[in-house]
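For reference, the structure discussed in these notes is given below.
The values are calculated or read from the model by the stated rules, or taken from the named source; none is laboratory data. From a predicted model like this one, the values you see are computed outputs, not experimental measurements. A quick note on method: Cβ atoms are made from the backbone with ideal geometry, for glycine too, and the neighbour counts reach across all protein chains shown. All accessible areas refer to the heavy atoms of the entire protein, side chains included, with ligands and DNA or RNA removed. Shrake-Rupley method; radii C 1.70, N 1.55, O 1.52, S 1.80 Å.
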Amino acid sequence: MAEFQANKITDIGPPKYDEMWPQVIKDNYGKWLYHDILEPGVLVHVSESGAKVWSLRCGATRLMTTMFLEQVCKLADEYCGGFFRFTTRNNIEFIVSDESKLEPLKKALADNGALPLGGTGAGVTNIVHTQGWVHCHTPAIDASGVVKAVMDELFDYFNSHKLPAQVRISLACCLNMCGAVHCSDISILGVHRKPPVIEHSHLDKMCEIPTTIAACPTAAIKPNKVDEFKSVAVNADRCMFCGNCYTMCPAMPLADAAGDGIALWVGGKVSNAKSMPMFSKLAVPYIPNEPPRWPTTVNTIKKIVEVYAGDAMKYERVGEWAQRIGWEKFFEKTGLEFSHHHIDDYRFAATTWRTSTQFKW
């Protein structure tokens, strides 16, 4: 069976990942001992065989032109034997095994001007994000535009190590959270605030009503008849504006120019170093969409980062800092308004989130 799998010829799916590795990575697979961050964006990885590779991490974009990609390929051909890789945070990493090519590659990246080194160590990482208005069908916000505006303002924290610890920022354009905003230091979440519109006259011609009802995670949809049309009804008190129904049924659009916007969450992390992994917690319940530069969102995030930079202890992540000083102090220091929206009374979250109003001001 194993031999059959190894020799199977198929055009389904991507090629096996290790076919794309540089030879030095193949030769030292499973033997890497440690890595050091030499400077922002530059790491050296050491194998037990004594082999070393240097990886240069550059901030890039999720959507890029073929002309830009051609520039990246030319740099990889000239300095890295034709190899480079993309990270999940939309970085591009160039890997060199010949130390003599390290400085020339750094100079070439600087000359390019569109591939800044950074995103490592005690700085702001590149923002992992979803597709937003460009592609996704249920977004409440744009993705690339918000990310561009935020990173322009935080760029000095991307290519430096002057924060207490790394700050991972993520963006999801709706609460289905392709962007993993539930566990990032600072999370930008697109939120709808109104139930879907129901287009009764053609819903039964476009959608399977049982499938549409089954798609709702809170059982807020039930069959309904409006005039002569077979349709559905939505219990607005149960709706959490996730858009799952619209995914199943195009006759239930959710987007609303006046109601859609941004919520900011803070304090999440995946790492279990120093403290347990944490879920992000609500910091700002709603900011209206403000394209093209989203000034309120950008200024609020910058304020949180600056207060954290000046108040946290070394190696302390945003969530660890907020827990140490207390969430009451977090709101006080950052100047964010605390309102009834921060009291989570969602019926499925009673055992996981703070449900008390007993803040100790």
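Odds and ends about this structure:
- Between helix 144-158 and the chain: long-axis angle, C-alpha atoms, 0 to 90°, nearest 10: 40
- Straight-line cross-link partners of Lys333 among the aspartates and glutamates, defined as a Cα under 14 Å from its Cα and at least 8 positions apart when in the same chain: Glu306, Asp311.
- By the rule of a C-alpha distance below 16 Å, with chain neighbours fewer than 8 residues away ignored, the lysines paired with Lys74 are Lys101, Lys106, Lys107.
- When +1 charges are put on Lys and Arg Cβ atoms and -1 charges on Asp and Glu Cβ atoms, the dipole computed for region 126-235 relative to its Cα centre reaches about 220 debye.
- Among Glu228, Glu332, Glu48, the largest mean-square fluctuation in a Gaussian network model of the chain (Cα springs under 10 Å) belongs to Glu228.
- Where the chain is the region considered: accessible area per residue in Å², 1.4 Å probe: 54
- Unmatched cysteines, the chain - criterion: no other Cβ of a Cys under 4.7 angstrom: Cys58, Cys73, Cys80, Cys136, Cys173, Cys174, Cys178, Cys183, Cys216, Cys239, Cys242, Cys245
- Longest segment of the chain lacking trypsin sites (Lys or Arg not before Pro) that sit in a DSSP loop with at most 16 other Cβ atoms within 10 Å: 32-161
- Rounded to 10°, Cα long-axis angle of helix 295-311 versus longest principal axis of the chain: 60
- Close Lys pairs in region 170-282, defined as Cα atoms under 28 Å apart and 8 or more places apart or on different chains, number 10.
- Against the main long axis of the alpha-carbon atoms of the chain, helix 102-112 sits at an angle near 50°.
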